[in-house]
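Notes follow the structure.
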């Protein structure tokens, strides 16, 4: 599990430190840097995935700026012009992938790499090896996900991470293939889907070498493209969550997309249950008051402890454009010290505006 993330001179950040927990939610207005944190990991993830172990030392010093998880090939989009200094990233924590807790650490400087990494013997250090294992095991669910074709070509084999395929279409095709080869996972995803949208999942092979993903409801089985896009967009997310190994981290962009508010709340509960039961970590960006509300409710119900939940509020300075993130203090009863800026109070403000409009109409009629 990742317990600390540090970014320097990366996109909108001069310096930011984040201490994720079992469940971590990034909240804040658009363009405040929430996705940038995930993109930093995407850079390292797609780099490690593309190259052999012998080349990883060189690879981390020269990340693939253009890849399936993130495209920062425009140098101006990679480094913010906040004084001197090259973009840097480091993360640390404890891994349970080897049935014991071992500290690992990974630091990457995108212009040159620290001398210790250049030492061939450093590759044998357990913290360095563990960092590579964590990056290999890291799974991501991008904001754009789902099936748009009724049939997908069956590939020769499944892959560890479908998000590393190039483009939405190829990701969908590989997702269908992974589902076809992973019947136990299909049953588990179907069970979780029913909790969120009331719709199950079935995967059929179709001649010749094609895969059809279907939704299951009371009326029968239907091609997924005929289903509402809420269920459609959940399948890849749940596949990443279910197939993640114990101790692994799953990073999710806006899990709430295309979902009804009740389904959003139920999805939050499903993600928590899967993370706790499977000893996995979930780091998400979200604009959903409903998801955040359910997470805090689970704390109040003592099904999730404040020690297992972190909420970071992201902001951008209106004058300098510098992004920042600060942790919010969560109490044992699910309260947030000082509240969550622009969350929950938005609903109250809207209700107040609605009531004032109703009174105005009443007064107008009375006069």
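Values quoted throughout were computed directly from the atomic coordinates according to the rules given, and no laboratory measurement underlies them. Predicted model, so just to flag it, every value in this text is computed and none were measured. All Cβ positions, even for glycine, are placed from backbone atoms using ideal geometry, and neighbour counts span all protein chains on display.
Summary table
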read-out	value
Over 20 Å [Cα-Cα, segment 238-367], rounded percent	56 percent
Fewest-first sequence of 320, 175 by Cβ atoms within 10 Å of each Cβ	320, 175
Rounded if a/c under 1.5, otherwise prolate or oblate - segment 174-249, Cα gyration tensor axes	oblate
Ascending count of other beta-carbon atoms within 10 Å, so fewest first, for 163, 367	367, 163
Residues 243, 236 arranged by fewest to most Cβ contacts within 10 Å	243, 236
Additional length obtainable on full extension of the chain from residue 317 to residue 366, 0.36 nm per residue less Cα span	12.9 nm
Ordering of 29-42, 269-282 by packing [mean C-beta count within 10 Å, highest first]	29-42, 269-282
Calculated SAXS-style log₁₀ I(q)/I(0) at q = 0.12, 0.14, 0.20, 0.21 Å⁻¹ - segment 252-308, Debye, Cα scatterers	-0.25, -0.34, -0.70, -0.77
